[in-house]
Structure formats: C-alpha cells, structure tokens
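K.L.:
The structure is given below, and queries will be raised subsequently.
Read-outs throughout are calculated quantities, based only on the coordinates presented, and are distinct from any laboratory measurement. Note that the coordinates shown come from a computational prediction; the quantities given were computed from them, not determined experimentally. Glycine gets a Cβ as well: all are built from the backbone with ideal geometry, and neighbour counts include every protein chain shown.
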Amino acid sequence: MLPLLEGVRILSVEQYGAGPFGTQFLADLGAEVIKIENPTDGGDMARGVGPHFLPEMPETARSVFFQGLNRGKRSVTLDLGRAEGRAAFARLAAKADAVATNLRGDVPKALGLDHAALAEVNPRIVCAHLSGYGRDGERAKWPGYDYLMQAEAGIFHLTGDPAGAPSRMGLSVIDLMTGVVLGLALVSGVMRARATGQGMDVDVSLFDLALFDLNYIAHWYLNAGAVTTRLPRSAHPSLVPCQAYRTRDGWIYLMCNKEKFWPLLCEKMGVPELGRDPRYARFPDRLRARDELTELLDGLLSQRTTAEWLAAFGGAIPAAPIHDVAQALENPFIHARGMVETLRSAEGAEVTLLANPVRSSVAARPSSPAPVLGADTEAVLAEAGFDAAEIAALRNAGVV
C-alpha cells in the first residue's frame, strides 16, 4: 500500500520554522516536497541556525535545527528574484499539485507565487500561503514572528505565575501550529482541485492562528465579558483539582476534569472521607476552596514521590509527572511508542529526530535526513522537461 499522500507534489518556498514544519508533516505522510532555495544566499536561513551542528553531515545540512524541520524533502536551488528563475519555477509548477510559501505577506505576489500568476501554466495548482499577518490589509508588509503573536493575542497574559511578568510559552507553538494548519489547508485545496479541476489560493497567518487558539478563553470574553488571567501552579480557571501539586521529590500534575475523578483521587490517596465531604462535593464548591485544597493536597501528596503516586493511581487518575526536557526524552514510554527515530544520510552520517505522530494502517514512506542545499536541482529540472543544455545555461547564469 502507498503512503497517504503518495503522488502529491509540492513546491515549497519556505524558511526558518513555521512553513518547513508544516511541509515536513506532509513529506512524512508521503508527499514529495521540493524546497526551492536561493543559490546566492545559502538557501533556507535555518541551514545556519545553531547552536548545535552535526559535523558528520555535509556542510549545508549540519544544523540540528534545520534537520528537525526538513527531513524527507528534496532541495532545488533557483533564484526567484530573476526573470529566468521565475520562468523556470513556472515550468516546475506546471507539474505540481501545490505551492507552499512561508514569506512576508506581500512577497508571494511579487515573486509570482500565487494562483493568479501560475494558473496559466497549471489551472489546478493550489497556492498555500503562510504569513505573519496575511497577504492583504495594513500589515501585509510587516515582518511577523511567533512571540509577537503570543504577546498581541493575549497568550503572554495567560502564561506564567501571576506574581511574575507575563510570559511566552516555552516553545514557538504558534509557528508549529500554523505550519500544521498550512498543511491542512493545502491538502484540502488539493482535494477540491482534483475534484473540480480548479486551483486556488489558501491562506493562514500566524496572527489569526494565535487568536483562534484562544478558543474558549475568547468565547468567555465575547459572550460573558470574562477576562481570564493566569493562575498559580498552571491551574485551570474553573476546574479543581487541575494544577501542579508538590510531592516528596518534586511535582505532579493532576487533571481531574470530570466529577468522578475527585472521590476516586481521595480514595487512592487514602482519604475516602474527603471525597464525600459536602464542602468539596462539586466543581463550584472546590473552585471556591481552591487555596484550601491546594494546601491540603500538597500535604497529602508530599508523603510519597511522584513515581510512587503514579504507581498508586495506576492510570485511573489523570496525572502526569512534570519533567524537564531530558526526562521527557528519556521516558521509556516514548521509545515504546516509536517516537524517536535515527536517520542515516547517503554519506553514513546519522541524525536522531522525533518521529511523526500520525499513525496509519497504510505504508509509511521511509524517511531520510534533510537535504543538502541544491542536492536535487538537476534531477528535478530534468523531471520537469529541462534538457542538459538548458540546465547548464541556468547554472552558468547563476540562476540555479
């Protein structure tokens, strides 16, 4: 059986994190993703991002950051700032299903990467665009980055301890989520184009995605005027117990988000009478008593280690240890799940990466490390119908 997206060809004009994360997802699922990179500036800037590099890898593929966003792709060097480069790109687009861009909002049109520019050579082409603030409107020319979106969309205000400064999330999660949504939009567009014969532009922006992620927090404000704020211990705004608690050797996070879990938790902690106490019977009661219950549960849970409590809960109570990054990646469970894979380059160099989380009953495409800059230029051009003389001319002119 073929991989899920076998036969889908995508030209990606992308850089850094958000776009590459989304197209890597598609490559993992079997799509052919061809990175189009400028031959004059070192290609995707992520190729030089440190601080960690793999000295055994070819020079332009040594960045661990780059490897984690571009496995399974092909690389073609092509200068889209020149007319010859844009003409060559159009010939590639004639045999592609989609174009994915990750550029400032006003750039795709300027480079001829939208549907209006490419429909003449391929009316079925889907042009999927990821930008900071959208391709139209007053901010189309603004540069945009993840942390700016978290700040303006209210996410800083929701993150961290209320006694400290507003904080960003520990990851560039808006970049990553917007990349995945770019992939969803692209595949949705390709499905429609294959059914109707008509391509289109589809857009997603970091700003819109950050705002959309507010979800129930936004809806509480829009419908009830409620301004949710950050709480101590990363607590849920209305459900108790749902926060971090102290154990003998660290912390544990409990998430008893159904009423049935409260009496069960009390039973597992050896205080079943607490689960029957009318002062804490329902979520509204426990919310009013949050501070009191925090002190009470800290005292009870501090009698054992986090591991001992997890063993006692036996998977019946929604609970998790609070790990640092090393502990998270050394967790035997992630290896049992096959969530870490080691890839080997043609030169024999190895890189260890997190595996794609999508599971399917059909075959997965064997993965490969991220490509060396321009590794597939001649092969891809030849597949698009360029003869040896044309390729040589482009190379001599510095277009590829």
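K.L.:
Checking the cross-link filter: which lysines have an alpha carbon closer than 30 Å to that of Lys73, excluding same-chain neighbours under 8 positions apart?
P.N.:
Lys35, Lys95, Lys109, Lys141
K.L.:
Under the rule a/c < 1.5 gives rounded, and otherwise a/b versus b/c splits prolate from oblate, where does the stretch 142-252 land using the Cα gyration tensor?
P.N.:
Values: a/c = 2.28, a/b = 2.16, b/c = 1.05.
Because a/c hits 1.5 or more and a/b exceeds b/c, the stretch 142-252 counts as prolate.
K.L.:
Before anything else, pin down the relative contact order of the stretch 22-147: Cα pairs under 8 Å, at least 6 apart, normalised by residue count, whole percent.
P.N.:
That works out to 20 percent.
K.L.:
Shifting gears a bit: Taking the simple approach of a point 7 Å from Cα along Cα-to-Cβ for both Thr229 and Asp291, what is their distance in nm?
P.N.:
1.3
K.L.:
To the nearest 20 debye, what is the magnitude of the charge dipole of the stretch 242-322 about its Cα centre, counting +1 on the Cβ of each Lys and Arg and -1 on the Cβ of each Asp and Glu? Intermediate values should be presented prior to the final figure.
P.N.:
Numbers: 12 positive and 11 negative charges, 45 e Å.
Approximately 220 debye in magnitude.
K.L.:
Please list 378-386, 124-132 highest first by mean number of surrounding beta-carbon atoms within 10 Å per residue. Before the final figure, lay out each step's value.
P.N.:
Numbers: 378-386: 16.1, 124-132: 26.6.
Per-residue Cβ counts within 10 Å, averaged per peptide and sorted highest first, yield 124-132, 378-386.
K.L.:
At q = 0.07, 0.09, 0.14 Å⁻¹, work out log10 I(q)/I(0) for the chain with the Debye formula, treating every Cα as an identical point scatterer and leaving solvent out; two decimals please.
P.N.:
So the normalised log intensities are -0.43, -0.67, -1.23.
K.L.:
Residue by residue, what Karplus-based ³J(HN,Hα) values in Hz, rounded to whole numbers, does the stretch 96-101 have, using 6.51, -1.76 and 1.60 with θ = phi - 60° and x for Gly and Pro?
P.N.:
With coefficients 6.51, -1.76 and 1.60, one gets 10, 8, 7, 10, 10, 10 Hz.
K.L.:
Near Lys268, which aspartates and glutamates are there with a Cα under 16 Å away, not counting those fewer than 8 places off in the same chain?
P.N.:
Glu259, Asp277, Asp298, Glu308
K.L.:
Express the relative contact order of the stretch 242-322 as a whole percentage, based on alpha carbon pairs under 8 Å and six or more residues apart in sequence.
P.N.:
On the way: 103 pairs, mean separation 35.7, N = 81.
Reported relative contact order: 44 percent.
K.L.:
Express as a percent, rounded to the nearest 5, the fraction of DSSP beta bridges in the chain (both residues included) that run antiparallel. List each step's numbers first, then the result.
P.N.:
Details: 14 of 37 bridges.
Bridges in the chain are about 40 percent antiparallel.
K.L.:
Quick one: compute the contact order of the chain, relative version, from alpha carbon pairs under 8 angstrom and 6+ residues apart, as a percent. Mind dumping the intermediate values first?
P.N.:
Details: 742 pairs, mean separation 82.0, N = 400.
For the chain, the relative contact order is 21 percent.
K.L.:
So if I take the centroid of the Cα atoms in the stretch 345-375 and the same for the stretch 32-92, what is the distance between those two points in Å?
P.N.:
Computed from Cα coordinates, the inter-centre distance equals 16 Å.
K.L.:
Counting helices only, and only those DSSP H runs with n ≥ 4, report the 222 nm mean residue ellipticity of the chain as the sum of -39,500 (n - 2.57) divided by its residues, in deg cm²/dmol to the nearest 500. Don't skip to the answer; put the middle values down first.
P.N.:
Values: 19 runs with 153 residues, N = 400.
Value at 222 nm, helices only, nearest 500: -10500 deg cm²/dmol.
K.L.:
Just name one of Val271, Ala320, Ala119: the one whose Cα is farthest towards the positive end of the charge dipole of the chain (beta-carbon charges, Lys/Arg +1, Asp/Glu -1).
P.N.:
Val271
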